[in-house]
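Working notes for the structure below.
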Amino acid sequence: MMNAKLTSLLLVSAMPFVAAAAEQELTPWYIGAGAGINNYEPNCDQKTMKTCGKDDPFAWDVFGGYMFSDYFGVELGYRNLGRAEWTDYSDVRDDVGVKGATLGLVGFWPIAQDWAVSAEAGAMNYLISNKQQYGTHYYSDSGVAPYFGVGVGYNITENLKLQAKYRRYENLDEEKWNTLSMESNYWGLELSYRFGYSTPAPMPAPEPAPAPVAAAPVDSDHDGVTDDMDQCPNTPIEHKVDAKGCSIYVEKLETLKIAAKFDNNSSVVKPDSMADIEKVASFMNKYPKADLEISGHASLPGKASYNLWLSQKRADAVAKILVDKYGIAASRITAKGYGETQPLVQGTSPEANEANRRIEAHISFKNKQALLK
């Protein structure tokens, strides 16, 4: 019967401890409960006892503790050592019990995997009472009694521990009426729960793989833009390039000047001027987008209005040769007379007059050229 009660008490006391498990690292705090059998000395051990009613009463305790390390801690509890009964040869019936708070130190020493032995020592602030003759006389007293104990325990899990305990209590005395002077021996089982959980040591981080060595960028045409970005490979090394590696081009204005000579007061092109006109035609054919302006000029003698008319006739004559003989489109040619307004040589000397009677061809076009470094 006693074994059944002891087993039931341990199982019931363990249930709230398991439910209270928190997902954290093991803390230094623990709680627990125990149950067992207690034996007072003297009572039925004395030869003066006539009868013994209850020699080994049921005892129990609850406690909480704090571990300073894995091997040493302090424990606070409350213990009820049970009540014993006996009758002496004077037919005086005694009914004694002890209960009270305890404070003590505990130590643990591992002996095998999950196994450890323990030792404890402390003091009990006890209340002892004796109900003689079924309560006819009641004696009680309080005091502080030392105790010590040993045990062996097994870690069911990292949180739950089951221990078998022996404790010895000294000087459990009722000194007020001087009716009792006792010691006590206790044997029992305890189940304790330590809060939290232990985390395994972290695995060493794997060494990082060596970073791949990037291949050096290649610039095959040496234009300053690597091949992976170069959209115009094989650009000439002397060309300036843009961010895509392509040559940068600019448009350049070109002007060609030639001269055709005329006799005085004449708009007829002289034969020796045909070579220059052919040169103009060849240039126009080579650059089909080029535009041509033919400017006619006159010498200073004569009226300005006449000279303006004559210079226009000279310009028109050259334009007609380019269109009729060399097939240059008329839309590409502008003929304009400037009269005597732009003389090459000042004065009216024969040399000046000959130089000023002239035609000039101005060819202008935009020539797209690569920009050089």
Under the Karplus relation with 6.51, -1.76 and 1.60 and θ = phi - 60°, whole-Hz ³J(HN,Hα) for segment 116-123, x at Gly and Pro, equal 7, 9, 9, 9, 8, 7, x, 9
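Grab the Cα-Cα distance for SER181 and LYS325, subtract it from 0.36 nm times how many residues apart they are, and report the gain in nm with one decimal.
On the way: separation 144, 0.36 × 144 = 51.84 nm, distance 15.41 nm.
Computed gain between SER181 and LYS325 is 36.4 nm.
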Would you mind telling me the antiparallel percentage of the DSSP bridges in segment 249-370, rounded to 5?
-> 80
Calculated from backbone phi, Karplus (6.51, -1.76, 1.60) coupling profile of segment 35-41 in Hz, x at Gly/Pro | 8, x, 10, 10, 10, 7, 10
Under a cut-off of 15 Å between alpha-carbon atoms, report the aspartates and glutamates in cross-link reach of LYS286, not counting same-chain residues fewer than 8 places apart.
-> GLU254, GLU278
Where nothing but the Cβ of Lys and Arg (+1) and of Asp and Glu (-1) is charged, how large is the charge dipole of segment 249-370 around its Cα centre, in debye to the nearest 20?
-> 320
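Every read-out reported here was derived from the displayed coordinates using simple, explicitly stated rules and does not represent laboratory data. Small disclaimer: the values here were computed from a predicted structure and weren't measured. No Cβ is skipped: glycine too gets one built from the backbone with ideal geometry, and neighbour counts run over all protein chains shown.
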